[in-house]
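The structure under discussion appears below in the form of structure tokens.
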Amino acid sequence: MLVSAPCLTDNGGGCVRDVCRRMPPRAYPACCGMWGRSRHLRPWRPWAVSIRSRACTYVLVFALMGVLVPSVSAQALRDVPLPPDLAGAALDAAGDDDLATARRLANRASDGALLDKLVRWRWLTAPGSHPPFAALQEFLQKNPDWPRRRTLVRKAENTLPAWWKPDERVAWYNAHPPRTARAKVDRLLELAELGASEQLAGDLRTLWRTQPLRAYEEQRLQERLGELIARADEVARMTNMMDARAFDVADRAAERLGGAYPKLVTARRKLAQRAAGVDAAIRALPESLRGRPGLLYDRAWWRLRAGDLDGTVELLDQLEDEPKPERWWRIRHWVARDLMEDGRTAKAYEIAANHGLSEGIGFAEGEWLAGWLALTRMDRPEDAFEHFVRLHDGVSTPISRARGAYWAGRAAETLGRADTARGWYAVAGQHWTTYYGQLARGRLGSTVVPPHALSDARALQADAPDDPDLAEAARLLARHGQDRLADSFLYTLAARAEQPGQARAVADLAWSLDRPQVALWLGRQARGDGQVLADILFPRHPLLTERKHTALLHAIGRQESGFDPQARSRVGARGLLQLMPATAERTARSAGLPVSTTALTDDPAYNATLGALHIDDLIARFDGSRLLAIAAYNAGAARIEEWIDRFGDPRRESVDVVNWIEQIPFGETRNYVQRVIEGYNVYRQDLGDEPHLPGRLARADTG
């Protein structure tokens with residue numbers, strides 16, 4: 001007599017597969033594999049418990065008796081209720097490393113071969129999956145344009161066939177540059193086997209100096225290639241690892257170097273971790289190590305965070321040769337702005353101007369700040385002009401080029417060179433989608449935003465997507481609730497859109513799938529490449545259109561979330577207009593609306609309503625000043641009151657509003673205000689209203 005027992009599948013949400021898979025293949029109940037951890041399957045489990053309990057119990061017992069009962073398993077499979085969304089369940093199963101279940105479900109769905117390929121892609125790229133090398137290699141070869149290629153390569157590196165010869169492994173790495181440290185080490189060792197000494201030496205030097213390897217990986221390289229690692233390479237490794245805060249790796253390098261180097265690592269570790277005993281650790285160093293730039297850098301951060309401005313300046317003055325000036329710019333920028341506010345303009349200028357960079361963000365910020373100080377604080381317009389021209393010529397993004405050109409025009413105007421000034425304003429004004437471009441057009445007396453710019457852009461016809469399979473994959477994923485996976489395909493399509501018509505097609509697709517943030521990203525990328533797709537760059541959102549302050553709400557939503565209703569910031573702001581839960585609760589209670597934190601992301605209309613009420617409150621608080629309301633939306637109203645005390649009240653005619661914005665101490669808020677203003681003006685033009693320059697935005701009654 002058989003004694004019925006609960007089905008093994010009921011314990012923990014899946015078959016005890018270690019038991020089931022010991023059975024002969026035909027005895028393994030097909031239903032068992034159907035009930036994984038999928039969110040699509042979970043609600044349907046109770047409906048099938050009785051069927052599965054009986055089927056699996058009897059199959060297991062008969063299997064243990066050596067009796068094969070394929071008919072029972074087949075009947076169980078036919079009787080098990082299927083989830084309503086087979087495709088979604090298949091994708092979830094693939095993400096749970098259950099390819100067999102995923103493909104069975106996919107075969108029952110109506111989405112065809114594309115779903116089967118998506119299931120395999122999902123399985124291959126899932127964080128917890130462990131696919132074999134052959135599956136990864138085949139997919140990489142057959143689908144070179146599919147997203148998450150780096151993930152596929154990284155997984156393949158960890159499963160390269162052990163029987164491959166050195167030339168085969170090197171050929172793989174040449175076709176697929178290694179991603180992981182393990183693969184980079186493996187490539188070097190295989191090159192050594194092939195005797196590729198010239199290529200090997202340079203690649204080893206780069207890897208040893210820059211890669212934070214594990215101890216056993218270091219040992220492998222030292223045992224086989226130690227004679228190629230010079231002492232200078234070891235010193236560089238120790239220094240770079242300390243800079244990267246990989247102190248355990250730096251410790252090993254210091255031990256190999258010997259001498260006082262371990263004490264240097266100890267001192268820098270204490271400084272970086274703000275630990276006790278810093279002064280003693282520094283005193284323990286010999287004089288030859290106390291002036292090393294990395295140690296000075298850590299000491300400068302320590303002093304700056306402690307509010308010791310003069311002490312930080314003292315350390316900056318000790319720098320003679322900065323091997324990594326890009327790292328030092330953050331300190332220089334902070335110190336220069338503090339000195340500027342402290343009235344020590346000459347020293348601020350010196351620190352900003354001596355940035356030592358020729359490209360990058362630090363270069364752009366350093367040239368601009370030095371030029372602005374020379375122009376507005378030091379009465380040195382000629383020096384300012386040179387800084388601004390150098391800025392314009394050394395950058396590539398529209399925002400930075402417009403910034404350099406606008407301020408070059410301002411400096412030329414101060415020098416009395418009217419024609420030169422107009423020329424630079426014209427250069428800046430070409431970038432009318434940017435804050436500084438709009439300022440320049442205002443100086444020329446032109447319309448801030450070209451008439452019909454957005455309506456003309458909307459006339460552009462969409463081409464077919466660059467890759468129809470990728471587009472259909474995005475549609476299928478979005479249709480089955482896999483939004484984040486759909487984004488991977490949309491971003492891949494966006495990156496491949498080289499022609500305006502292709503960009504239009506991808507943007508339209510993103511909006512149709514309710515992924516507006518991808519369309520906006522595409523618009524920004526296109527602008528960086530010299531294509532202004534105005535209506536993609538400044539789209540209208542249906543939930544923000546029929547409201548008070550329509551243009552301002554669009555500009556804020558565009559900058560805050562990219563119109564992503566599910567967006568969450570690192571500090572906790574949520575939804576379309578990125579409201580903090582406490583702000584949303586206060587606003588909702590004041591307006592007599594229900595309070596719901598989850599609705600901030602689940603209900604975009606609720607978020608838009610509270611955001612509109614909040615911006616209206618801020619405008620009223622600052623006497624109609626949209627400029628101050630914009631800044632307060634980002635930094636908080638209390639900080640705006642503080643900045644008014646420090647830099648003056650931009651609502652007064654005597655205050656230069658453009659310079660007031662430039663003095664905002666938070667780089668994030670400074671950038672935020674400028675980006676919202678540029679968007680506000682474009683949206684006002686598109687809505688048939690007159691754009692407003694900062695001076696008018698700062699004061700009440702802006703219309």
Within region 583-607, considering residues that are hydroxyl-bearing (Ser, Thr, Tyr) and farther than 23 Å from ALA638 by Cα, the one surrounded by the fewest Cβ atoms within 10 Å (Cβ to Cβ): THR598
Subset tally (residues that are touching a Ser or Thr at 6+ places or on another chain (Cβ under 8 Å), without any contact (Cβ under 8 Å) to a residue 40 or more places away in the chain and buried (at least 19 other Cβ atoms within 10 Å of the Cβ)) for region 561-579: 6
Considering only region 459-495, state which residues are in a helix (DSSP H, G or I) and of a type in the set (D, E, K, R). ASP469, GLU472, ARG475, ARG479, ASP483, ARG484, ASP487
Selection from region 239-265 of residues that are more than 17 Å from TRP301 (Cα to Cα) and among the acidic types (Asp, Glu): ASP248, ASP251, GLU255
Against the definition (in contact (Cβ under 8 Å) with a residue 24 or more places away in the chain and buried (at least 21 other Cβ atoms within 10 Å of the Cβ)), how does ALA510 come out, yes or no? no
Somewhere in region 344-362, is a residue of a type in the set (Lys, Arg), farther than 19 Å from LEU444 by Cα and not in a loop (DSSP other than H, G, I, E, B)? yes
Given ARG558, ARG589, ARG527, which one is outside the structural domain of HIS692 (by TED's automatic domain parsing), part of a helix (DSSP H, G or I) and of a type outside the set (A, V, I, L, M)? ARG527
Search result, residues across region 110-145 that are more than 23 Å from GLU157 (Cβ to Cβ) and surrounded by fewer than 19 Cβ atoms within 10 Å (Cβ to Cβ): SER110, ASP111, GLY112, ALA113, LEU114, ASP116
Do you know which residues across region 137-171 are over 18 Å from LEU204 (Cα atoms), touching a Leu at 6+ places or on another chain (Cβ under 8 Å) and among the hydrophobic types (A, V, I, L, M, F, W, C)? PHE139, LEU140, TRP146, LEU152, VAL153, ALA156
Anything in region 406-458 that is closer than 21 Å to LEU375 by Cβ, part of a helix (DSSP H, G or I) and charged (D, E, K, R)? List them, or say none. ARG410, GLU413, ASP419, ARG422, ARG441, ARG443
Checked against (1) free of Cβ contacts under 8 Å to residues at least 40 places away in the same chain; (2) closer than 25 Å to TRP208 by Cα, ALA280 satisfies every condition except (2)
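Residues checked against (1) modelled with pLDDT of 95 or more; (2) touching a helix residue (DSSP H, G or I) at 6+ places or on another chain (Cβ under 7 Å):
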| position | (1), (2) |
| --- | --- |
| HIS452 | no, no |
| ALA457 | no, yes |
| ASP466 | no, yes |
| TYR491 | yes, yes |
Can you tell me which of ASP645, ASP623 is assigned to a loop (DSSP other than H, G, I, E, B) and either farther than 23 Å from ARG410 by Cβ or of a type in the set (Phe, Trp, Tyr) (or both)? ASP623
Considering each of LEU373, LEU369 in turn, give the residue that is in a helix (DSSP H, G or I), in contact with a Ser or Thr (Cβ under 7 Å, 6 or more places away or on another chain) and at pLDDT 95 or above. LEU373
Being in contact with a Gly (Cβ under 9 Å, 6 or more places away or on another chain), modelled with pLDDT of 90 or more and part of a loop (DSSP other than H, G, I, E, B) narrows it down to one of ARG651, ARG699, so name that one. ARG651
For ALA384, indicate whether it is surrounded by fewer than 24 Cβ atoms within 10 Å (Cβ to Cβ) and farther than 19 Å from GLN430 by Cβ. no
Could you please find all residues in region 509-533 being within 21 Å of PRO450 (Cα to Cα) and either among the small types (Gly, Ala, Ser) or in contact with a Ser or Thr (Cβ under 7 Å, 6 or more places away or on another chain) (or both)? GLY523, ALA526, ARG527, GLY528, GLY530, VAL532
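The values are calculated or read from the model by the stated rules, or taken from the named source; none is laboratory data. Note that this is a predicted model, so its numbers are computed, not measured. Don't worry about glycine lacking a Cβ; one is built from the backbone with ideal geometry, like all the others, and counts go over all protein chains shown.
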